[in-house]
Amino acid sequence: MNVSRIGSLAAAVVLAVFLITLSKGISLADGKGTFASKGCGGCHQTEGPATEKTFEDKLKQKGVELWYAGSKFKKAWLVEWLEKPVIIRLMAYNSVSEKNTIQHPALSKAEAQEVGDYLMTLTAKEVVPGSVEEKGGAKAKNLFIKQYGCIACHIMPDKAGAKKKGGVTGPDLSEADKRLNGAWVYAYLKDIKLFKPVRRMPNFGGIISDEDMKALAGFVTGPR
């Protein structure tokens, strides 16, 4: 291969990398712009840390916090959900009798991709990617169902295709394997006050072992 041929190939590679980088930059800018133009910031917090101090503050919030969305969610699920949103918390927040009837607005396919790209840039340094192995197992299942009673508030089928069972006052975890990152669930259990200072869920940090927290996080986000 002659020198001019090598030079042409190198130039083509550099151009391709530049165009990919440029397209990603445009997508992120468009996603942030779409997020703003749709008024999403009126319901969702995109800058941390959490600001609520009382349950009254929490009840005033219209949407979940998104300042750590890139650490919490798996991108494929997030993009699909933005286009075709479904209710995840079956009961209204802080209620055991009132159903959650709030339906999130749907975005177009292109808008969902753009906003998803933007939200994935919002991360929390406390979440360490790869810190949890996303898997099931009899021990982890026992921790979730019996030892810590997580199933009293959260729906979680113990295997694929199984009938849903569990409580409804917390978010439905039946598809958490598609939705949540195990590393985020572990960080959440370890220091829940960082992400949600006001909540009904117990603060497990310092109470249960690190091993158990990782096992729970892996079970929740592992394959069914």
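The values are calculated or read from the model by the stated rules, or taken from the named source; none is laboratory data. Just so you know, these numbers come straight off a predicted model, no measurement behind them. Quick reminder, even Gly has a Cβ in these numbers, built from the backbone with ideal geometry, and neighbours come from all protein chains shown. All accessible areas refer to the heavy atoms of the entire protein, side chains included, with ligands and DNA or RNA removed. Shrake-Rupley method; radii C 1.70, N 1.55, O 1.52, S 1.80 Å.
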The range 75-198: proportion of alpha-carbon pairs further apart than 21 angstrom, %: 50 percent
So, with +1 on the Cβ of K and R and -1 on the Cβ of D and E, and no other charges, what is the size of the charge dipole of the chain about its Cα centre, to the nearest 20 debye? 520 debye
Formal net charge of residues neighbouring Thr46 (Cβ-Cβ distance under 11 Å; K, R +1; D, E -1): -1
Counting helices only, and only those DSSP H runs with n ≥ 4, report the 222 nm mean residue ellipticity of the chain as the sum of -39,500 (n - 2.57) divided by its residues, in deg cm²/dmol to the nearest 500. -13000 deg cm²/dmol
Once the range 43-90 is represented by equal point scatterers at the alpha-carbon sites, with solvent omitted, what log10 I(q)/I(0) does the Debye formula produce at q = 0.15, 0.24 Å⁻¹? -0.48, -1.04
Virtual spin-label span in nm between Ala29 and Lys135, 7 Å along Cα→Cβ: 4.5 nm
Might you work out the accessible area of Met201 for me, using a 1.4 Å probe with all protein chains in place, and round it to the nearest 10 Å²? 60 Å²
Span-like helices, the chain: DSSP H, alpha-carbon axial extent 27 Å or more, mean Kyte-Doolittle 1.0 or greater, which ones? 3-37
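Quote the relative contact order of the chain in percent (integer), defining contacts as alpha-carbon pairs under 8 Å separated by 6+ residues. Before the final figure, lay out each step's value.
On the way: 314 pairs, mean separation 51.4, N = 224.
Once divided by the residue count of the chain, the mean separation gives 23 percent.
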5 angstrom amide H check on Met91, placed H, neighbours 5+ away: Asn100
If you take the C-alpha gyration tensor of the chain, multiply each eigenvalue by 5 and take the square root, what semi-axes do you get, largest first, in whole Å? 36, 23, 17
Stretch gain in nm, segment Ile102-Lys164, where the contour uses 0.36 nm per residue and the Cα spacing is subtracted: 20.1 nm
30 Å Cα cut-off, lysine pairs counted over the range 99-141 (separation 8 or more, or different chains): 6
Translational diffusion coefficient, Stokes-Einstein: compute it for the range 177-219 using the Kirkwood radius over C-alpha pairs as Rh, at 4 °C and 1.567 mPa s, and state it as an integer in µm² s⁻¹. 123 µm²/s
Would you list Tyr93, Tyr188 from the most to the least accessible area, probe 1.4 Å? Tyr93, Tyr188
Residues of the range 132-172 with amide N under 16 Å of the 7 Å Cα→Cβ point at Ala92: 169-170
Neighbour net charge for Ile208 - beta-carbon separation under 12 angstrom, K R +1, D E -1: -1
